[in-house]
Amino acid sequence: MKPGVLIADRYRLERMVGEGGMSAVWEATDTQEGGGGRLALKLAMPSGVGWEEFEARFRREAAIAHYLGKAPRGFVRVRDWGRHGAQALFLVMDLVEDADELDLVNGPLPARLERLALAAERVGDAHVLGVVHRDLKPANVLVRRRDGEVFLADFGLAKVVDAPPDSELAHLGSLTGSGMTMGTLVYMAPEQMVDAKRAGPPADVFSLGVMLYAVLTGELPFKGRTNDVVSSQQMLRAGRIPPPSPARTLPGVPPELDALCVRCLAGDPDERPTGLEVARALAAAVTARTDARTRRL
């Protein structure tokens with residue numbers, strides 16, 4: 001693919017803005033009169049799966065993102081999808097202009113916490129609507145520079161759970177086979193590592209805990225070679241090691257934030273808070289620090 005290529009006789013590729021294992025995201029222009037103008041377009045080809053499964057997953061991603069995109073804010077909406085040529089599919093999305101992936105380590109602590117609080121709020125909203133993301137990481141959280149607005153993106157691995165019976169997602173079944181591992185290893189919950197099909201909302205909260213750990217310490221709680229990460233996750237799940245504590249890595253971490261992070265990283269999914277509880281706790285921490293700074297001034 002190169003700039004100028006027309007997709008579906010309508011969407012003109014302008015420049016590539018991101019690239020993954022089997023997909024690339026382009027900034028594109030809707031050339032149809034009265035169309036959507038500038039937008040984002042994802043092109044993907046199957047890798048390691050058959051065409052039918054690949055197309056079914058793509059269709060699910062489009063349906064989930066289109067549904068969530070009806071919310072007042074916070075989700076990257078899908079507008080269109082289809083086939084390009086014999087071996088590729090495309091997904092047309094709203095373009096979040098001048099946005100960066102979620103930054104966990106730069107800026108003062110209150111600013112980092114505030115960004116993560118907004119991300120946690122989006123995750124909690126998705127859970128209320130019946131969707132588990134299953135691939136939460138900084139690259140899938142976009143922060144718009146001009147106003148700090150946060151958007152949750154890339155629902156390629158998302159799962160529908162407890163969707164309202166009258167919603168357009170209620171008919172979507174699971175495509176994940178038992179025993180499959182899906183997601184990004186260093187952000188993945190231990191139960192998801194064993195069986196992605198069983199990953200529910202607490203798996204996303206675990207990913208938020210990994211990101212909170214990075215916000216507080218500048219490091220990831222599970223790192224090293226793949227085998228090291230997997231071994232740590234298995235021991236955490238079996239209760240043989242405690243959840244990682246930011247305060248043990250960096251003394252001076254505020255106790256309430258250390259406790260919140262430990263809860264999010266619990267090996268037992270039932271011991272984790274909800275996404276919205278994480279959002280409220282982080283927002284309260286930001287407010288407390290802002291008020292304390294104001295009093296000192």
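Results, tabulated for the structure shown:
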| quantity | calculated |
| --- | --- |
| Helices (runs of 4 or more DSSP H) enclosed by the stretch 180-297 - at least 2 residues per element that are in contact with a Ser or Thr (Cβ under 9 Å, 6 or more places away or on another chain) | 190-194, 201-217, 246-249, 255-264 |
| Test: residue in the stretch 69-78 that is surrounded by 16 or more Cβ atoms within 10 Å (Cβ to Cβ), hydrophobic (A, V, I, L, M, F, W, C) and farther than 23 Å from D9 by Cα | yes |
| Hits in the stretch 37-52 - residues which are open to solvent by 30 Å² or more (accessible area, probe 1.4 Å) and at negative phi | R38, M45, P46, S47, V49, G50, W51, E52 |
| Those residues of the stretch 136-166 which are in a loop (DSSP other than H, G, I, E, B), in contact (Cβ under 8 Å) with a residue 60 or more places away in the chain and open to solvent by less than 30 Å² (accessible area, probe 1.4 Å), in sequence order | L136, A153, F155, G156, A158 |
| Where a residue in the stretch 97-109 is under 12 Å from T217 (Cα atoms) and its partner, wherever it lies, is in a loop (DSSP other than H, G, I, E, B), with Cβ under 7 Å and at least six apart | V105/G218 |
| Members of the stretch 8-24 found to be touching a strand residue (DSSP E or B) at 6+ places or on another chain (Cβ under 7 Å) and over 19 Å from A86 (Cα atoms), listed by number | E14, R15, M16, V17, G18 |
| Residue count, the stretch 67-96 (criterion: in contact (Cβ under 8 Å) with a residue 40 or more places away in the chain and assigned to a loop (DSSP other than H, G, I, E, B)) | 8 |
| Out of D258, D268, sole residue that is open to solvent by 30 Å² or more (accessible area, probe 1.4 Å), among the charged types (D, E, K, R) and modelled with pLDDT of 95 or more | D268 |
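The values are calculated or read from the model by the stated rules, or taken from the named source; none is laboratory data. Since the structure is predicted, the reported quantities are computational estimates derived from the model, not experimental observations. When we count neighbours, we look across all protein chains shown, and the Cβ atoms used for this are built from the backbone with ideal geometry, even at glycine. Side chains are part of the model used for accessible areas, which takes the heavy atoms of the whole protein and leaves out ligands, DNA and RNA. Shrake-Rupley method; radii C 1.70, N 1.55, O 1.52, S 1.80 Å.
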